[in-house]
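Engineer: Take this structure, written in structure tokens, and hold onto it; I'll ask about it next.
The values are calculated or read from the model by the stated rules, or taken from the named source; none is laboratory data. Just so we're clear, the structure is a prediction, and the values are computed from it rather than from any experiment. As a convention, Cβ positions derive from the backbone with ideal geometry for all residues, glycine included, and neighbour counts pool all protein chains shown.
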């Protein structure tokens, strides 16, 4: 919304400058023929003259601030939202904890703890490759750029932090140490946000890897995080809550209703700021409005959910990927 307002203001100022400098004023070319050309025998001093004549512009630019107008952007409410099944994907996962999609439609899944691996599935659903992550336990995953991902270690005894991996070379290229076990992770612009057990949420610059402690709270292991429009959203399975905070840690809203969600896990946010959360024990997906006041159950065990653990929304394609703890994931288009 802020980006749209800035763009509108820039174009408005440009148009206003054109009006003020007379760029929109009509220009007429007037030719006056000398009477001498009517008689070739007469002495002709010149054939005439050309002059530029300007008149006042008839264009009137009404600026938004002059008429105190507000920019209106149509947003989708949670009651308008519909999911259309696209495909079911075989992950062969034993303890799937993280999922995401690449720009070319490949699916990435972390298989936590015992297998300690990353599985990549092609866009047509066929298996592409598997990469061992040990000594990291391989918990959650996020894309940093087209060919780079970040994977948290989870509760690894000797490897506590984040692996940065080049997906083209299928190789670890950087390790970022953290003070305690990291779990949920997401990337927003040039920053990683990660849930750190007992500490809260840390922000890490993707260029220089400088780390800052942005939200201090006693998070349990297994919490997940998402970021949208200067808001941080995270889950806490211990008290069955979903929390929305500002970047300074000030709480905006929280949601807790065990009749809707039990053991909330993976979390993601759509283009309108609506929040999707998986209920691991309730085997469902709930959507919470961007102000935290409304909620709706949109997927259940009847849709094939079995202890869903991870979820990812692609803001470009408007696809929603939901991964069960074992074996399968389901892809939906959101309309």
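Engineer: Give 249, 266 a once-over and let me know the one that is touching a residue at least 24 places away in the same chain (Cβ under 8 Å) and either in contact with a helix residue (DSSP H, G or I) (Cβ under 6 Å, 6 or more places away or on another chain) or closer than 18 Å to residue 313 by Cα (or both).
Structural biologist: Working: 249 fails: either in contact with a helix residue (DSSP H, G or I) (Cβ under 6 Å, 6 or more places away or on another chain) or closer than 18 Å to residue 313 by Cα (or both).
Just one listed residue meets the conditions, 266.
Engineer: Moving on. Checking the condition surrounded by 19 or more Cβ atoms within 10 Å (Cβ to Cβ), over 19 Å from residue 285 (Cα atoms) and in contact with a strand residue (DSSP E or B) (Cβ under 7 Å, 6 or more places away or on another chain), which residue from 201, 267 passes? Even if it seems obvious, please write down each step before you answer.
Structural biologist: Numbers: 267 fails: over 19 Å from residue 285 (Cα atoms).
Among 201, 267, only 201 is surrounded by 19 or more Cβ atoms within 10 Å (Cβ to Cβ), over 19 Å from residue 285 (Cα atoms) and in contact with a strand residue (DSSP E or B) (Cβ under 7 Å, 6 or more places away or on another chain).
Engineer: When only residues in the range 169-189 that are at pLDDT 95 or above and either touching a helix residue (DSSP H, G or I) at 6+ places or on another chain (Cβ under 6 Å) or assigned to a loop (DSSP other than H, G, I, E, B) (or both) count, which is surrounded by the fewest Cβ atoms within 10 Å (Cβ to Cβ)? Even if it seems obvious, please write down each step before you answer.
Structural biologist: Of all residues in the range 169-189, those at pLDDT 95 or above come to 169-188.
Retained after the next criterion (residues that are either touching a helix residue (DSSP H, G or I) at 6+ places or on another chain (Cβ under 6 Å) or assigned to a loop (DSSP other than H, G, I, E, B) (or both)): 169-170, 178-181.
Details: 169: 9, 170: 12, 178: 18, 179: 14, 180: 16, 181: 22.
Per the criteria, the residue is 169.
Engineer: Within the range 293-318, restricting attention to residues that are within 21 Å of residue 222 (Cβ to Cβ) and within 14 Å of the chain's Cα centre (by Cα), which residue is surrounded by the most Cβ atoms within 10 Å (Cβ to Cβ)?
Structural biologist: If we take residues in the range 293-318 being within 21 Å of residue 222 (Cβ to Cβ) and within 14 Å of the chain's Cα centre (by Cα), then 312 is surrounded by the most Cβ atoms within 10 Å (Cβ to Cβ).
Engineer: Which of (1) closer than 24 Å to residue 216 by Cα; (2) without any contact (Cβ under 8 Å) to a residue 24 or more places away in the chain does residue 201 not meet, given it meets every other one?
Structural biologist: The failed condition is (2).
Engineer: Pick from the range 276-292 the residues that are closer than 17 Å to residue 97 by Cβ and over 21 Å from the mean Cα position of the chain (by Cα): which of them is surrounded by the most Cβ atoms within 10 Å (Cβ to Cβ)? If you could, list the steps in order and put the result at the bottom.
Structural biologist: Our first condition is that a residue be closer than 17 Å to residue 97 by Cβ; within the range 276-292, this holds for 276-281, 283, 285.
Now narrow it down to the ones that are over 21 Å from the mean Cα position of the chain (by Cα): 279-281, 283.
Values: 279: 25, 280: 23, 281: 14, 283: 21.
The qualifying residue surrounded by the most Cβ atoms within 10 Å (Cβ to Cβ) is 279.
Engineer: If I filter the range 94-102 for residues that are under 21 Å from residue 164 (Cβ atoms), at pLDDT below 95 and part of a loop (DSSP other than H, G, I, E, B), do I get at least one hit?
Structural biologist: So far as the range 94-102 goes, no, none of its residues is under 21 Å from residue 164 (Cβ atoms), at pLDDT below 95 and part of a loop (DSSP other than H, G, I, E, B).
Engineer: Report, by residue number, each residue of the range 92-108 that is crowded, with 22+ Cβ neighbours inside 10 Å and within 14 Å of residue 126 (Cβ to Cβ).
Structural biologist: Step one: filter the range 92-108 for residues crowded, with 22+ Cβ neighbours inside 10 Å, giving 93, 96-100, 107-108.
The answer is 107, and nothing else.
Engineer: Give the residue that is farthest from the chain's Cα centre (by Cα), with candidates limited to residues of the range 158-167 that are modelled with pLDDT of 95 or more and not in a strand (DSSP E or B).
Structural biologist: The residue in question is 160.
Engineer: Picking from 243, 227, which residue would you name as being surrounded by 17 or more Cβ atoms within 10 Å (Cβ to Cβ), within 18 Å of residue 269 (Cα to Cα) and touching a residue at least 40 places away in the same chain (Cβ under 8 Å)? First the steps, then the outcome.
Structural biologist: On the way: 243 fails: touching a residue at least 40 places away in the same chain (Cβ under 8 Å).
On inspection, the qualifying residue turns out to be 227.
Engineer: Would you be able to say whether some residue in the range 249-257 is part of a loop (DSSP other than H, G, I, E, B) and at pLDDT 95 or above?
Structural biologist: The initial filter retains those residues of the range 249-257 that are part of a loop (DSSP other than H, G, I, E, B), namely 249-250, 257.
Checking which are at pLDDT 95 or above leaves us with 257.
Yes; the residues of the range 249-257 include at least one that is part of a loop (DSSP other than H, G, I, E, B) and at pLDDT 95 or above.
Engineer: Which residue, of 210, 215, is modelled with pLDDT of 95 or more, exposed (fewer than 13 other Cβ atoms within 10 Å of the Cβ) and over 19 Å from residue 311 (Cα atoms)?
Structural biologist: Details: 215 fails: exposed (fewer than 13 other Cβ atoms within 10 Å of the Cβ).
One residue alone meets the criteria, 210.
Engineer: Among the residues of the range 198-222, count how many are in a loop (DSSP other than H, G, I, E, B) and closer than 16 Å to residue 249 by Cα. Let's see the steps before the verdict.
Structural biologist: Keep residues of the range 198-222 that are in a loop (DSSP other than H, G, I, E, B), which gives 198-199, 206-210, 217-222.
Next, only the ones that are closer than 16 Å to residue 249 by Cα stay: 198-199, 217-219.
The total comes to 5.
Engineer: Tally the residues that are part of a loop (DSSP other than H, G, I, E, B) and without any contact (Cβ under 8 Å) to a residue 40 or more places away in the chain, restricting the search to the range 106-131.
Structural biologist: Summing the residues that are part of a loop (DSSP other than H, G, I, E, B) and without any contact (Cβ under 8 Å) to a residue 40 or more places away in the chain in the range 106-131 gives 9.
Engineer: Do we have any residue at all in the range 137-144 that's within 21 Å of the chain's Cα centre (by Cα), over 23 Å from residue 195 (Cα atoms) and outside any strand (DSSP E or B)?
Structural biologist: Residues of the range 137-144 within 21 Å of the chain's Cα centre (by Cα): 139-144.
Then keep just the ones that are over 23 Å from residue 195 (Cα atoms); that gives none.
No, the range 137-144 has no match at all.
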